[in-house]
1. For residues that are buried (at least 17 other Cβ atoms within 10 Å of the Cβ) and without any contact (Cβ under 8 Å) to a residue 40 or more places away in the chain, scanning just the range B:46-66, find the one that is farthest from ligand 1 (Cβ to nearest atom).
2. Any residue in the range A:26-39 that is without any contact (Cβ under 8 Å) to a residue 24 or more places away in the chain sitting within a Cβ distance under 6 Å of a residue that is assigned to a strand (DSSP E or B)? List the pairs, counting only those 6 or more apart or interchain.
3. State all residues of the range A:59-79 that are over 29 Å from A:Asp202 (Cβ atoms) and surrounded by 21 or more Cβ atoms within 10 Å (Cβ to Cβ); if no residue qualifies, say none.
4. How many residues are under 21 Å from the mean Cα position of the chain (by Cα) and either away from chain A (no Cβ under 14 Å) or in a loop (DSSP other than H, G, I, E, B) (or both) when one looks only at the range B:91-112?
5. Tell me, which residue of the range B:8-18 that is outside any loop (DSSP other than H, G, I, E, B) and surrounded by fewer than 22 Cβ atoms within 10 Å (Cβ to Cβ) is nearest to ligand 1 (Cβ to nearest atom)?
6. Which residues, counting only those in the range B:22-45, are within 11 Å of ligand 1 (Cβ to nearest atom), away from chain A (no Cβ under 14 Å) and buried (at least 16 other Cβ atoms within 10 Å of the Cβ)?
7. Does the range B:48-69 include one or more residues that are in contact with a Gly (Cβ under 6 Å, 6 or more places away or on another chain) and closer than 23 Å to B:Met175 by Cα?
8. Can you pull out the strands (runs of 3 or more DSSP E) entirely within the range A:103-205 that have at least 2 residues that are surrounded by fewer than 14 Cβ atoms within 10 Å (Cβ to Cβ)?
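What follows is calculated from the coordinates using simple rules that are stated; it is not laboratory data. Given the structure is predicted, the values throughout are model-derived calculations rather than measurements. Because the Cβ atoms are built from the backbone with ideal geometry, glycine has one as well, and the counts that use them run over all protein chains shown.
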Amino acid sequence: MTISNPFLIHTQENVIVKNPDDKSWVFEVGENGNLWVDFLQTTDDLNVFVSLQAEEAKCKINCAYLINKNNMLNIDIKVLHKYKNTTSEQHIKGIATDESSVSFKGIVEIPKDSQKCDGRQHHRGVVLSPKAKIEAVPQLEIWADDVVCSHGSAIGPLDANQLFYLQTRGLPEHEAKKILLNSFLGDLMPEEFSDIIQGWMDKNV
Amino acid sequence: MTALLEIKNLHAKVGDKEILKGLNLTIDAGEVCAIMGPNGCGKSTLSAVISGHPAYTVTEGEILFKGEDLLKMTPDERANKGVFLAFQHPIELPGVGLAQFLKTALNAKRKANGEEPIDAVAFMKYMNVRATALGISNEMLKRPVNVGFSGGEKKRLETFQMAMLEPDFCILDEMDSGLDVDALKIVGQGVSVMREPKRSFMIITHHDDLLQYVKPDKVSIMRDGVIVKTAGSELVKEVEESGYDNF
Ligand SMILES: Nc1ncnc2c1ncn2[C@@H]1O[C@H](COP(=O)(O)OP(=O)(O)OP(=O)(O)O)[C@@H](O)[C@H]1O
Ligand SMILES: [Mg+2]
């Protein structure tokens, strides 16, 4: 794993972690297990598969992507609620500039016998240039009927009125954009990644 | 007196719709100019064009500020030259703390003027004096800019930002709309203490309220994208009594 695509596993209680190659992760969460992992992608693809294997297994996957030039990025995250009473959260946010393109595919699968599951997946993307592209395909495959699920995706440019407001207070356009992008990412990523994120913004915004 | 702002034959449109249609206006250094006009005549558009909002295209005319071509400058360059707009509808900035934001803005101005950034202690002092004068609590300073504030609080916060940035030219777009009596007094006094020989104000309003505190040197009436009459403060009464039909 290169420094430009860091990850941080905060919690792994009763989790089997497999990392077959640089870009792929498999997490098997056992009974009462708890997984919380953050990924930051600036160059490499990411492929994550989480299986919630037993009662009360939980996971939280946070992912941010920052992409520039004519790079292409594929992010695939799949969570399988293999057992009843399991819970998952996915939060994905990203920024694409220049002529880059991102394809995000997120799947939450809840088979027929996995009742009382809770699966959430939220994606938001900011396109910073007219030629940058973000495509998101959030997918829910829900076969059980007694579950709580939510998902959503929103993609767009920065808000022109917010940018203008900041500029009328004397902030140059790139500073104003950085402020808005930092507030967009919020506290999704850990403190440990902030140098990489700020470095990326200094170069690309 | 010397002109701080000179607007000559200004035409501006949004999309294909012309809103400013040959507007002329001069505001001298130290002058307070009130602008009154019916809803939709283009008052907020004028303030947006002076500040450089990208949605409006100037098709003809010019704006000189301190003798320089304002229309060639970006919004932040205009701000750092001394233009300040207190918005009719202040914009919410979730996740952007007010105090930190103002420090960044103040330092952007200092940088533009070739000065060093202000140090943290000096900034706190500078901010606290102004916050206290305008009844802005510590709790408000920590909250994100304009998010979740009441209409009247937002207006007070705009006045506070103006006091922090000490601009030479202050545009107040309906600062007195939606203020209760006490807030009006705070804002009125806050604006009035900022009057200085080199600082000018353009006060857009529908009433006499704020003007009680900040007596205008002149009042300009705007209709359908142009200034149709400019006279002394007696015009305010005339408008309040008989509306805009006579202009
Ligand atoms: N971004 C925009 N898109 C479309 N129309 C606009 C836009 N901005 C202004 N207008 C139109 O231009 C006209 C002038 O609007 P403006 O906001 O400048 O009026 P105003 O004089 O400030 O009115 P009020 O007293 O209600 O604040 C209105 O008809 C308005 O609908
Ligand atoms: Mg208006």
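1. B:Gly52
2. none
3. Residues satisfying the conditions are A:Cys59, A:Val79.
4. Pass one, the range B:91-112, residues under 21 Å from the mean Cα position of the chain (by Cα): B:91-93, B:98-99, B:101-110, B:112.
Adding the requirement that they be either away from chain A (no Cβ under 14 Å) or in a loop (DSSP other than H, G, I, E, B) (or both) leaves B:91-93.
The total comes to 3.
5. Step one: of the range B:8-18, the residues outside any loop (DSSP other than H, G, I, E, B) are B:8-14, B:17-18.
This time we only want the ones that are surrounded by fewer than 22 Cβ atoms within 10 Å (Cβ to Cβ), so: B:8-9, B:11, B:13-14, B:17-18.
Working: B:Lys8: 19, B:Asn9: 18, B:His11: 13, B:Lys13: 9, B:Val14: 4, B:Lys17: 6, B:Glu18: 9 Å.
Out of the qualifying residues, it is B:Val14.
6. Residues of the range B:22-45 that are within 11 Å of ligand 1 (Cβ to nearest atom), as a first pass: B:35-45.
Then keep just the ones that are away from chain A (no Cβ under 14 Å); that gives B:35-43.
Listed by number, the residues that qualify are B:Ile35, B:Met36, B:Gly37, B:Pro38, B:Cys41, B:Gly42, B:Lys43.
7. The initial filter retains those residues of the range B:48-69 that are in contact with a Gly (Cβ under 6 Å, 6 or more places away or on another chain), namely none.
No.
8. On the way: elements: A:118-127, A:133-142, A:148-156.
By residue number, A:133-142, A:148-156.
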